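The values are calculated or read from the model by the stated rules, or taken from the named source; none is laboratory data. All figures in this text were calculated on a predicted structure; none of them were measured in a lab. Note that we place each Cβ from the backbone using ideal geometry, even for glycine, and neighbour counts take in every protein chain shown. Ligands, DNA and RNA are excluded from the accessible area calculation, which covers all protein heavy atoms including side chains. Shrake-Rupley method; radii C 1.70, N 1.55, O 1.52, S 1.80 Å.
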Amino acid sequence: MRYLITGGAGFVGSHLAEELLRQGDSVCVVDDLSTGSIHNIAHLKGKPNFQYVIDSCANVHLMAELTDGCDKIFHLAAAVGVKLIVESPVRTIETNIRLTEIVLNLANKKKKPVFVASTSEVYGKSTELPFSEDGDLVMGATVKGRWSYACSKAIDEFLAIAYFKEKKLPTVVARLFNTVGPRQTGQYGMVVPSFVRQALAGAPITVYGDGKQSRCFTHVADVVRAFVGLMSTESTYGHVYNIGNNSEISILDLAKKVRELCNSKSEIVFVPYEKAYEEGFEDMPRRVPNLGKIERAIGWQPSIALPKILTDVIEYCRRDN
Ligand code: UDP
């Protein structure tokens, strides 16, 4: 199988490329390196079944050619990271919607199946825990930048499902819950690489808010296994699936755990949300996935627990320093 991965030099995309190559498939990555990095795919360069193009998916001629040359598409190119989103809302909205439109439109001409990576952020302020794929999405006000990300990804989902229903294009949507692992950067605000780098440097560990908010973290290796399973099972087309882990930890406990695993003496400091992000910033107190649907569809469950997730990130950050 020949796969095209948009955003393939990103954190998740590079792990997916590796997994597909390991299975004996061919991979072409297209990435404009806006948040991805050539460093992430450096070890894949020169492999016979691997090809990469450094360009934007907004280059329609290029994308038409790449679409022709593949059998299936993983569309991962998107603006990610709460910090980036709050700082660059125009880029977030435009990138997320425009690129998905281009990818789906071109894929539809040749009826190439498309996997659209979405996010648990679309559940917004829902309190119907655990979050199920058919549950309501609860967005905040349009003046609060964070929600533009959730809305732009929700539009991507609508579009993918619309192409499936109206044009019979095989599409599948996955909502990722806090994916973590080697190569993730803290540069765009993600909590685990940020805490690990702070702990290893002996710098203060910055817990935003009171640290009582909680998240469930999934290892990227589990996530790419789910991607491959969903894409290779035709009964998933036209559906939305959560991909995550349902073991929850508060951000303060996470900070303590990271500090302990790093043998660090860093102090833990509390930073108000308005200082960390922007005035009026709204965080989700909890975010837990219902994993029943994906388990029924492809028998997938997460297999890697938090201590191993954290030690993998710590090892990576130590090596990468
Ligand atoms: N967070 C934190 N300190 C940091 C970065 C993030 O306390 O240096 C918090 C953030 O406010 C949120 C949680 O950690 O409550 C997860 O943040 P992240 O940006 O990784 O993912 P999110 O779940 O917000 O998309």
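Comparison of 281, 270 shows that the only residue that is farther than 29 Å from residue 228 by Cβ, within 13 Å of the ligand (Cβ to nearest atom), in contact with a Gly (Cβ under 9 Å, 6 or more places away or on another chain) and in a strand (DSSP E or B) is 270. For region 290-308, the criterion of a residue being closer than 30 Å to residue 88 by Cβ and among the aliphatic types (A, V, I, L, M) is satisfied by no position.
Does residue 244 satisfy the condition of being small (Gly, Ala, Ser), surrounded by fewer than 20 Cβ atoms within 10 Å (Cβ to Cβ), closer than 30 Å to residue 108 by Cα and in contact (Cβ under 8 Å) with a residue 12 or more places away in the chain?
Criteria not met by residue 244.
Residue 254 falls short of the stated requirement of being away from the ligand (no atom under 16 Å from the Cβ), buried (at least 21 other Cβ atoms within 10 Å of the Cβ), under 30 Å from residue 141 (Cα atoms) and in contact (Cβ under 8 Å) with a residue 12 or more places away in the chain.
Looking at region 1-70, the helices (runs of 4 or more DSSP H) lying wholly inside it that each contain 2 or more residues that are free of Cβ contacts under 8 Å to residues at least 40 places away in the same chain and under 25 Å from residue 91 (Cα atoms) sit at 38-41, 60-68.
For residue 259, state whether it is under 16 Å from residue 191 (Cα atoms) and assigned to a loop (DSSP other than H, G, I, E, B).
no
The number of residues in region 119-146 being outside any strand (DSSP E or B), under 27 Å from residue 14 (Cα atoms) and open to solvent by less than 20 Å² (accessible area, probe 1.4 Å) comes to 5.
Hey, can you tell me all the residues within region 284-307 that are within 14 Å of the ligand (Cβ to nearest atom) and either without any contact (Cβ under 8 Å) to a residue 60 or more places away in the chain or part of a loop (DSSP other than H, G, I, E, B) (or both)? 284, 285, 286, 287, 288, listed by residue number. Checked against (1) of a type in the set (Lys, Arg); (2) open to solvent by 20 Å² or more (accessible area, probe 1.4 Å); (3) touching a Lys or Arg at 6+ places or on another chain (Cβ under 8 Å), residue 296 passes all but a single condition, namely (3). Of all the criteria given as (1) surrounded by fewer than 21 Cβ atoms within 10 Å (Cβ to Cβ); (2) out of contact with any Asp or Glu (no Cβ under 8 Å at 6 or more places or on another chain), the one not satisfied by residue 231 is (1).
Taken over region 202-228, the criterion of being more than 13 Å from the ligand (Cβ to nearest atom) and either in a helix (DSSP H, G or I) or open to solvent by less than 30 Å² (accessible area, probe 1.4 Å) (or both) is satisfied by 219, 220, 221, 222, 223, 224, 225, 226, 227, 228. Set side by side, the residues 116, 90, 103 differ, and just one is part of a strand (DSSP E or B) and away from the ligand (no atom under 15 Å from the Cβ), which is 116. Considering 154, 160, 150, which residue is under 14 Å from residue 75 (Cα atoms) and either of a type in the set (A, V, I, L, M, F, W, C) or at pLDDT below 95 (or both)? Result of the check over 154, 160, 150: 160. In this structure, is residue 237 within 16 Å of the ligand (Cβ to nearest atom) and open to solvent by 10 Å² or more (accessible area, probe 1.4 Å)? Judged against the criteria, residue 237 is not a match.
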